[in-house]
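Presented below is the structure to which this report refers.
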Amino acid sequence: MFEARISTEPFDIGNEHARLARLGPHVGAIVTFTGQVRDGVLELETWPGAAERRMAALLAEARARWPIAGATIVHRHGRLEAGEPIVLVAVAAAHRAEAFEAAAFLMDWLKTAAPFWKKEADGTWVDAQERDIEAARAWDRR
Amino acid sequence: MAETVRLLYFAWVRERIGVAHEVVPLDQPLLLHELVARLCKRSAGHEAALAEQGRLRAAINEAFVGWDAKVAPGDEVAIFPPVTGG
């Protein structure tokens, strides 16, 4: 099961985890990462359609690199309050090493290759961080 | 093939231009930076949004491209700041 979607609603981490846990007896490790709003309120803009297709392409790339059994990406958009979850990346695999690596790869690339833009409460658009771009590029050298 | 190109704008590019999308005439293929130069002349908002290409990214038909990419009539071109999701 490989699934990428966008949503204005909160996601249920337990439910997403359970769906990966049910994939079968070959699954021995599930890594979940959630990002949440730090400090103030955020408005997240996205490009619907292109965003899901880009995230699905990242899932395909992760499958090509690691023997993973399933993965889920959920990225929220719209208005989000401090402490609200923004993004979920969950990866199921036989063993933890590939689950951790694939989850880190997906997060790094999600930040620099998927069409989402964050705006702060005062109307300032968040600038892209060079360290995020470098983190994503580093996977190409492995 | 349509003699137009559909443009999509996101984040502060959309805010400065004042619309999220628009359709402009295009009868011959041209390079993306040439199209952007034309767009800059459409309004002060276009100029403010598009003058600094170094601060912008672009996609043609959803594929991220550089400014030397070719744009053909019928294409969909998106222009936006570097993404900041996750």
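Read-outs: derived from the displayed coordinates by stated rules, not from any lab. Predicted model, so just to flag it, every value in this text is computed and none were measured. Cβ placement follows ideal geometry from the backbone for every residue including glycine, while neighbour counts extend to all protein chains displayed.
For chain B, the normalised intensity computed at q = 0.11, 0.17, 0.18, 0.24 Å⁻¹ comes to -0.25, -0.62, -0.70, -1.29 (log10 of I(q)/I(0), Debye sum over alpha carbons, equal scatterers, no solvent).
Over all Cα pairs of region A:75-142, how is the pair count split among 10 Å bins, expressed in % and running from 0 up to the last occupied bin? Pairs per bin, as whole percents: 17, 42, 31, 9, 1. The distance from the alpha carbon centre of region A:47-69 to that of region B:45-82 is 23 Å, rounded to a whole number.
For region A:36-85, rounded, prolate or oblate, judged on the Cα gyration tensor with a ≥ b ≥ c (square roots of eigenvalues), a/c < 1.5 rounded, else prolate if a/b > b/c?
Working: a/c = 3.94, a/b = 1.91, b/c = 2.06.
Oblate.
Note on chain A: percent of Cα-Cα distances in each 10 Å bin, starting at 0 and stopping at the bin with the largest distance, equals 12, 42, 35, 11, 1. Of the residues A:THR8, A:VAL31, A:LEU80, the one whose Cα sits farthest toward the positive end of the charge dipole of region A:2-141, with +1 on the Cβ of Lys and Arg and -1 on the Cβ of Asp and Glu, is A:VAL31.
For chain B, which trypsin sites (Lys or Arg not before Pro) are both in a DSSP coil and crowded by at most 11 other Cβ atoms within 10 Å?
Here the trypsin sites (Lys or Arg not before Pro) that fit, given the DSSP loop and packing criteria, are B:LYS41.
Mind checking the mean number of beta-carbon atoms from other chains within 10 Å of the Cβ atoms in A:41-54? Don't jump to the answer; show the numbers that get you there.
On the way: counts 0, 1, 1, 2, 10, 3, 8, 0, 1, 8, 3, 0, 1, 6.
Average neighbour count from other chains, rounded to a whole number: 3.
Using the Cβ-Cβ distance between B:ARG6 and A:ALA94 with R0 set to 35 Å, the FRET efficiency works out to roughly 0.20.
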